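The values are calculated or read from the model by the stated rules, or taken from the named source; none is laboratory data. Keep in mind that what you see is a predicted model, and the values were worked out from it rather than measured. Methodologically, a virtual Cβ is constructed for each residue, glycine included, from the backbone with ideal geometry; neighbour enumeration extends over all protein chains shown. Accessible surface is based on the protein model in full, side chains and every heavy atom, while ligands, DNA and RNA are left aside. Shrake-Rupley method; radii C 1.70, N 1.55, O 1.52, S 1.80 Å.
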Amino acid sequence: MNFFPLFHNTKQLKALLIGGGTVAKRRVKSLVEAGIACDLIATAVAEGVTELVEGAGGNVTIGAYTSDEAMLGYNLILALTDNRSVNHQVATDAKAMGLLVNVADFPDDGNIIFGAIIDRAPLTIAINNGGASPVLSSILRQQLEQFVPKAYGQLARLVGAYRTRVKEALPSTTERSIFWHQVLQGPVAEAVFSGKHSEAESLLKTHLREANNGLDKVMSNGEVFLIGAGPGDPDLLTLRAFRLLQKADVVLYDALVSDGVMALVPESVERVYVGKRRANHSVPQTGINQLLVDYAKQGKRVARLKGGDPFIFGRGGEEIETLAEQHVPFQVVPGITAASGCSAYSGIPLTHRNYAQSVRFVTGQLRDGSVDLPWPELVVEGQTLVFYMGLKGLPIICERLISNGMDEKMPVALIEKGTTQDQRVLVSELGQLPTIIKEEQVMSPSLFVVGRVVSLHDKLAWFTSSRDV
Ligand code: SAH
């Protein structure tokens, strides 16, 4: 390793930049952000450079670098001119004076380099590859950005404020290390990530109190992540859903959670199927609610994965009601609901300036053999209707819409297994749909879309599933 990462207290640094082009401009910005005082010498400066330097209280001198005297009083030098031999001279002089020096494009001429930074102050992650490829570092930074929640900085601040207190309460290093692992990977961290700051702090205080009575008692309560798994395509999972799946101990999932999403659950995580479709294994809703509580009370991190969005026809509300009653910590991660997924992947916008100013999600589930819906409210021009769970009741739905005044020729679409490789989109007219269903043997899960927006499908369809080719 030629470049060892060191984290310098920037408040003590005074930098001199030699050169005034676009690289200098970028550097001034990041140095000033880090609280470093900057002066600059250059024969010419790019637009905006002088304003940046002077705006931060520094001086710009127009002129050439002539001798090492220019460096007196500085401890960080940046050689950024477009003349390699000048840069080389600057670096040689700076090193002879024992200063920190960076040379643009020639890392080995200097003695420090700048890395790509993920800033979650006070937490910072710096990436360096010895100057071999700044672009590579930047690509890696973008990838890491997704896995480091923005709230890590807040977490660092919170635990930083308790560092001394914890040290006093738990003198043994091993105990302290266990304690901090529990805090930083458990409910305290999750409370911060989901925006519950005061809860995070009170949890931390409780855990510290409990830690004094023995660490095995700490964090005996698990937590539940109620996660929307989206409509099928695993790429539609949110970053938070993905992150929480990686840290779960057990996953409870439904029939609607696709195999692609399940493939993103680590091998080591216990899987419990609680879906309703596979005959012998169905677990009643009250059983699922209790199961979540039981697992959490065993101290497990439970991921409850539900198709689409957990709060849209997903009974997610009922599940967390039980958790709330039993004081089990939980958080809810939204997912892409079937209507959004199917709309996007079938090229049928749910609203459109010319066709629909509102959209209504409706459950088409039969209750006692009939579909009980406020029909006159549904038969309104300029409104798109999306029926979930309506396959069985579809003939009745179509008939009622028509008898309540909807145009028989209203465009409709049935989207089967939307967003997956098996997606099928059947476009028709309201009056024709019952016949189509009989002929085409539509499978579950399917979504029924009614409205003028369906006419856009021909023009806007972009996604091809294996059934379209
Ligand atoms: N919480 C889920 C909906 C659960 S209700 C969500 O937000 O999407 C189940 C109904 O959703 C199914 O009967 C079907 O109408 C619809 N659905 C779910 N996934 C679907 C998919 N991939 N394609 C078409 N419809 C889907």
Give just the number: which of (1) open to solvent by less than 20 Å² (accessible area, probe 1.4 Å); (2) modelled with pLDDT of 95 or more; (3) touching a Ser or Thr at 6+ places or on another chain (Cβ under 8 Å); (4) within 14 Å of Leu447 (Cβ to Cβ) does Thr337 not satisfy? (3)
Would you confirm, using the coordinates I've provided, whether Pro434 is in contact (Cβ under 8 Å) with a residue 40 or more places away in the chain and either among the small types (Gly, Ala, Ser) or within 20 Å of Gly382 (Cβ to Cβ) (or both)? no
For the range 68-86, what are the residues that are farther than 25 Å from Gln12 by Cβ and open to solvent by less than 70 Å² (accessible area, probe 1.4 Å)? Thr81, Asn83, Val86
Hey, Ala70 hits all of (1) free of Cβ contacts under 8 Å to residues at least 60 places away in the same chain; (2) hydrophobic (A, V, I, L, M, F, W, C); (3) within 25 Å of Ala126 (Cα to Cα); (4) part of a helix (DSSP H, G or I) but one; which does it fall short on? (3)
Quick check on my filter: what residues within the range 170-196 are more than 27 Å from the chain's Cα centre (by Cα) and acidic (Asp, Glu)? Glu175
Give the residues of the range 414-466 that are open to solvent by 50 Å² or more (accessible area, probe 1.4 Å) and within 13 Å of the ligand (Cβ to nearest atom), sorted by residue number. Lys417, Gln421, Asp422, Met443, Ser444, Pro445
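Based on this model, can you work out whether Ala64 counts as among the aliphatic types (A, V, I, L, M), part of a loop (DSSP other than H, G, I, E, B) and assigned by TED's automatic domain parsing to the domain that holds Val28?
Answer is yes for this residue.
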Among the residues of the range 389-400, is any within 16 Å of Cys342 (Cβ to Cβ) and more than 36 Å from the chain's Cα centre (by Cα)? yes
Close pairs (9 angstrom Cβ cut-off, 6 or more residues apart or separate chains): within 20 Å of Ile113 (Cβ to Cβ) in the range 134-153, open to solvent by 100 Å² or more (accessible area, probe 1.4 Å) anywhere: none
What about Val371, is it buried (at least 20 other Cβ atoms within 10 Å of the Cβ) and at pLDDT 90 or above? no
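Please specify each residue of the range 333-372 satisfying the condition of being aromatic (Phe, Trp, Tyr) and either outside the structural domain of Asn404 (by TED's automatic domain parsing) or in contact with a helix residue (DSSP H, G or I) (Cβ under 8 Å, 6 or more places away or on another chain) (or both). Steps first, answer last, please.
Of all residues in the range 333-372, those aromatic (Phe, Trp, Tyr) come to 345, 355, 361.
Correct list: Tyr355, Phe361.
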Residues satisfying the stated conditions in the range 140-153, i.e. open to solvent by less than 80 Å² (accessible area, probe 1.4 Å) and of a type outside the set (Lys, Arg): Leu140, Leu144, Glu145, Val148, Pro149, Ala151, Tyr152, Gly153
Looking for something part of a helix (DSSP H, G or I), polar (S, T, N, Q) and surrounded by 14 or more Cβ atoms within 10 Å (Cβ to Cβ) - is there at least one such residue anywhere in the range 193-202? no
Count - residues of the range 154-175 that are open to solvent by 100 Å² or more (accessible area, probe 1.4 Å) and closer than 30 Å to Thr238 by Cα: 1
Per the list (1) polar (S, T, N, Q); (2) open to solvent by less than 60 Å² (accessible area, probe 1.4 Å); (3) under 23 Å from Ser258 (Cβ atoms), residue check on Gln365 breaks on (2)
